[in-house]
Number of protein chains: 2
Amino acid sequence: MTDSATPPRRNGGTPLGVRMDDVAELAQVSRATVSRVIKGYAPVSSKTQEKVNQAMRELGYVPNLIASGLAAKGSDLVGLLLRDPRVPAYGLLHSVIQNEVSKSGLELITVVPSSSEGVTDELDSLHRLLGLRVGGLLVSTGVIKDHDLEPFLDSVPVVSVGRLEDHPRITGVSYDEDVNGSILADKVVMAGHRSVAVVVPAWAVSTGENRRGVAMASHLRGRGIDVHQMDTDIFGTWTDRCDDIIRLVRDKQITAAMFPTDTRALAFMSLAQAAGLSIPKDVSITGCDGIAMGLEQIGLATVKLPVEEVAVRATAVMAELLRNSAPGPVHHERHAGVFIPGRTLEAPTPGR
Amino acid sequence: MTDSATPPRRNGGTPLGVRMDDVAELAQVSRATVSRVIKGYAPVSSKTQEKVNQAMRELGYVPNLIASGLAAKGSDLVGLLLRDPRVPAYGLLHSVIQNEVSKSGLELITVVPSSSEGVTDELDSLHRLLGLRVGGLLVSTGVIKDHDLEPFLDSVPVVSVGRLEDHPRITGVSYDEDVNGSILADKVVMAGHRSVAVVVPAWAVSTGENRRGVAMASHLRGRGIDVHQMDTDIFGTWTDRCDDIIRLVRDKQITAAMFPTDTRALAFMSLAQAAGLSIPKDVSITGCDGIAMGLEQIGLATVKLPVEEVAVRATAVMAELLRNSAPGPVHHERHAGVFIPGRTLEAPTPGR
DNA sequence: CTGAAAGCGCTTACAG
DNA sequence: CTGAAAGCGCTTACAG
């Protein structure tokens, strides 16, 4: 072995051009050994380890996850399919999941669908994640249906998070929309309202919002309230039916309006105020979500979703799935939120 | 060739177990041909195309992006490194970038650092994206420094978005923090304030917030205002120095407080109100950001960042970089925001 | 328009 | 504790 005959390194240049072979050569070990010290759990003498680490540092080596993913037939990457990053509840979910995943020694990559493109784009996003052959899949969008997930259940652990789930083979950690809806409906009834508009998005638009809305409406009806159910099946907008509600208020047909999300409630508030209505004098408002900062300043009556709780549990379940080869029983958790009182919900103004 | 001798398909099962070879076999073509119809830009007879598409559908084939990424030495994936999904401005940025990237025929994957872990974790996130050998890199966090990016500039197109950038080799599309800071400072001066607290996060905490804060402070000083500069170098919290500011208000040392973000401003408002102060009577407040929904309800005086504009431009620049092999000149765009008046900024109460 | 074959950068039995 | 070699599932010249 002649030290003088150093063959020219193939990539003089950039760190991303440095391969494991380059590291091996510099450290004077085999590629297998470099791989072992990177992975960390195979036996390597500490002397060798040091040599290799030194070489990696010197070359600025960034391991090619694409290549290792292929060779190892899988990776520690957990993929998150997230509905809409503009919505604060998803933003918080994203953040907490990242923290938890990282604590579990896994890595997270996130994919979001284009907004307002509907189900096609959501499926594209799903395939993007699957194409990357992630080790686990966290699905946080109700737009993707169980049906779309079914074909992949045997190949990759899937947990659906923050969305309705009752598929017998998909474990779910979600919000208890029935309870959330009931809590809000109760408060509206207790405030004295007897005629209420409820916005109910179609199942295809959002399973969660749909379920929440349905729960609110049916709970109200159960209490003998006159419900004006405002169905909407428009994808990607938060203001559909607001005009109709404003009209109902003007006609004194309702004294309160319930929205399945804070976002919709806030959007309505702006429109209503622009239309000259005052809240809660002309109409009481409730939302659902409770995550956005500064909500207490606005005083929106809402239910605060247990986002952290759901994120923590979902990640724990995923980590468990990834650890145990034995799948463990599929289960469905539902976590209820807590009511946040606010000045947008008052007793109806007498005389209306 | 005996049709009867169909060799057993290696993966009887799941779509993710189906390989290109399986498709090729079913369609009775070579693997190369399957690859060609998937990529779409190589000449394939439409008869063959149909056979292949049919076979893919039948098998539920999901192409392995990992393998193709390795073979093709690169992919159409654009990686986004995003600072903090809990902040509405980042959420919106994320969303718009996704839409734009998708319009350009590229795909986006996002990685976020764990919150409150500081620079180490941000670097981990950067390496995660680089390890995936993304085709382009969008960096939207001021925590990563130019220095950290430098080694990779030769291997992958990088554009920094929404963050200060003046590296001669990194093109940047960002907010004009100097102008934003000046606009706000001007309004505060014009409202009549003469003694003002300004929160200035350290450069290491956030380059953008730092620059904004410094701009506010120096602009105020230039107008002869008494500035109480509240430096903070705590990572991951939005309430540092709030106590001190409340004290200054109580001691009648200041009549206004300027925050580099809406989030900080809102957090302060809650604390101040809890401490019995009233806004703007006891102290006027300004933020910066202007993205969160319902802000108009709160009435926070702020600057609305041109997030959409920045996202669109950044993606356009990236698409350009990816298209042209010739790099084109590096440049730095800065986009200024617009002032949003609000009831948190009034003239100082006489007698204070 | 189509196929055979080399090769992308790793991991992992297998054999020392 | 370490190395030689096969193979992961694709792409892409190259040769028809």
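The values are calculated or read from the model by the stated rules, or taken from the named source; none is laboratory data. All values derive from a computational prediction rather than experimental measurement. Quick reminder, even Gly has a Cβ in these numbers, built from the backbone with ideal geometry, and neighbours come from all protein chains shown. Calculation scope for accessible area: heavy atoms of the full protein, side chains included, ligands and nucleic acids excluded. Shrake-Rupley method; radii C 1.70, N 1.55, O 1.52, S 1.80 Å.
Ligands, DNA and RNA excluded, the heavy atoms of B:D178 present near 60 Å² of accessible surface to a 1.4 Å solvent probe. What separates the B:S45 label point from its copies, with the point 7 Å along Cα to Cβ, is 6.3 nm, written shortest first. Taking every DSSP beta bridge that has both ends in region B:177-305, the antiparallel portion is near 0%. 3J(HN,Hα) along region A:156-166: 8, x, 10, 10, 9, 10, x, 10, 4, 8, 9 Hz, from the Karplus curve 6.51 cos²θ - 1.76 cosθ + 1.60 with θ = phi - 60°, whole Hz, x for Gly and Pro. Using a probe of 1.4 Å, the accessible surface attributed to A:Y90 totals some 60 Å² when neighbouring protein chains are kept in position.
Between the C-alpha center of region B:284-347 and that of region A:15-40 there is a gap of 44 Å.
Tell me, in nm to one decimal, what length is gained between B:Q253 and B:R323 on full extension, where the rule is 0.36 nm per residue of separation less the Cα-Cα distance?
Once the chain is fully extended between B:Q253 and B:R323, it gains 19.5 nm.
The fraction of all Cα pairs in the protein assembly as shown landing in successive 10 Å bins from 0 to the largest distance is 3, 13, 21, 23, 20, 12, 5, 2, 0, 0, 0, given as whole percents. The contact residues of region B:57-89, meaning those that lose at least 40 Å² of 1.4 Å-probe accessible area when all protein chains sit together rather than their chain alone, are B:V62, B:N64, B:L65, B:I66, B:L70, B:P85, B:R86. The Rg/Rh ratio for region B:177-305, using Cα coordinates for both the radius of gyration and the Kirkwood hydrodynamic radius, is 0.92. Taking the chain by itself as reference, region B:294-318 contains these residues with an accessible-area loss of 50 Å² or more in the full protein complex (1.4 Å probe, heavy atoms): B:Q297, B:I298.
When the listed pairs B:K39/B:K73; B:K187/B:K304; B:K51/B:K103; A:K73/B:K145; A:K145/A:K187 are checked against a 23 Å cut-off, the alpha-carbon distance exceeds it for B:K51/B:K103; A:K73/B:K145; A:K145/A:K187. Modelled label positions at B:R343 and B:S30, each set 7 Å beyond Cα in the direction of Cβ, lie 7.5 nm from each other.
What is the magnitude of the charge dipole of the protein assembly as shown about its Cα centre, with +1 placed on the Cβ of each Lys and Arg, -1 on the Cβ of each Asp and Glu, and no other charges, expressed in debye to the nearest 20?
40 debye
For region A:112-226, a crude dipole built from +1 on the beta carbon of Lys and Arg and -1 on the beta carbon of Asp and Glu, taken about the Cα centre, is about 380 debye to the nearest 20.
Averaging 1/r over each pair of different alpha-carbon atoms in region A:244-352 and inverting the result gives 16.1 Å, the Kirkwood hydrodynamic radius. The residues of chain B expose on average 42 square angstrom of accessible surface per residue, using a 1.4 Å probe on protein heavy atoms.
Sites listed here are trypsin sites (Lys or Arg not before Pro) in region B:35-117 whose DSSP assignment is loop and whose Cβ has at most 16 other Cβ atoms within 10 Å: B:K73. Placing a label point 7 Å from the Cα of B:D148 along the Cα-to-Cβ direction, the distances to the matching points in the other copies come to 3.3 nm, shortest first.
For the residues of B:260-267, the average number of beta carbons from a partner chain within 10 Å of their own beta carbon is 2. Between B:A311, B:A275, B:A27, the Gaussian network model of chain B with springs among Cα atoms under 10 angstrom shows the greatest mean-square fluctuation at B:A27.
Cα centroids of region B:102-135 and region A:154-219: how far apart, whole angstrom? One Cα centre to the other: 33 Å. Sorted shortest first, the distances from the A:S270 label point to those of the same residue in the other copies are 2.2 nm; each point sits 7 Å from Cα along Cα-to-Cβ.
For region B:113-127, heavy-atom accessible area (probe 1.4 Å) falls by no less than 50 Å² from the chain alone to the full protein assembly at B:S114. For A:K187, the accessible surface of its heavy atoms amounts to roughly 70 Å² (probe 1.4 Å, protein chains only, rounded to the nearest 10). The simple spin-label model puts a point 7 Å past each Cα toward its Cβ; for A:Y41 and B:D244 those points are separated by 4.7 nm. Suppose the Debye formula is applied to equal point scatterers at every Cα of region B:115-267; what is log10 I(q)/I(0) at q = 0.13 Å⁻¹? The computed values of log10 I(q)/I(0) come out as -0.65. A viscosity of 1.306 mPa s and a temperature of 10 °C, combined with the Kirkwood radius over Cα pairs in Stokes-Einstein, give a translational diffusion coefficient for chain A of 69 µm²/s. Within the protein assembly as shown, DSSP assigns beta bridges of which about 10% are antiparallel (rounded to the nearest 5).
Once backbone amide H atoms are built at 1.01 Å from N, B:T232 has B:V200, B:A202 as its partners under 5 Å, excluding neighbours fewer than 5 places away on the same chain. Dipole of region A:10-63 computed with +1 at Lys/Arg Cβ and -1 at Asp/Glu Cβ about the Cα centre; of A:Y41, A:G60, A:V29, farthest Cα towards the positive end is A:Y41.
With bins 10 Å wide beginning at 0, the percent of Cα pairs of region A:1-146 falling in each bin runs 10, 29, 26, 18, 13, 3, 1. The phi-based Karplus calculation (6.51 cos²θ - 1.76 cosθ + 1.60; θ = phi - 60°) puts the 3J(HN,Hα) values of region B:282-290 at 7, 7, 7, 9, 10, x, 6, 2, x Hz, whole numbers, x for Gly and Pro. Here is the interface size for A with B: some 4900 Å² of accessible area buried, both sides summed, with a 1.4 Å probe.
On the protein assembly as shown, 52 percent of the accessible area sits on carbon and sulfur atoms, based on a 1.4 Å probe.
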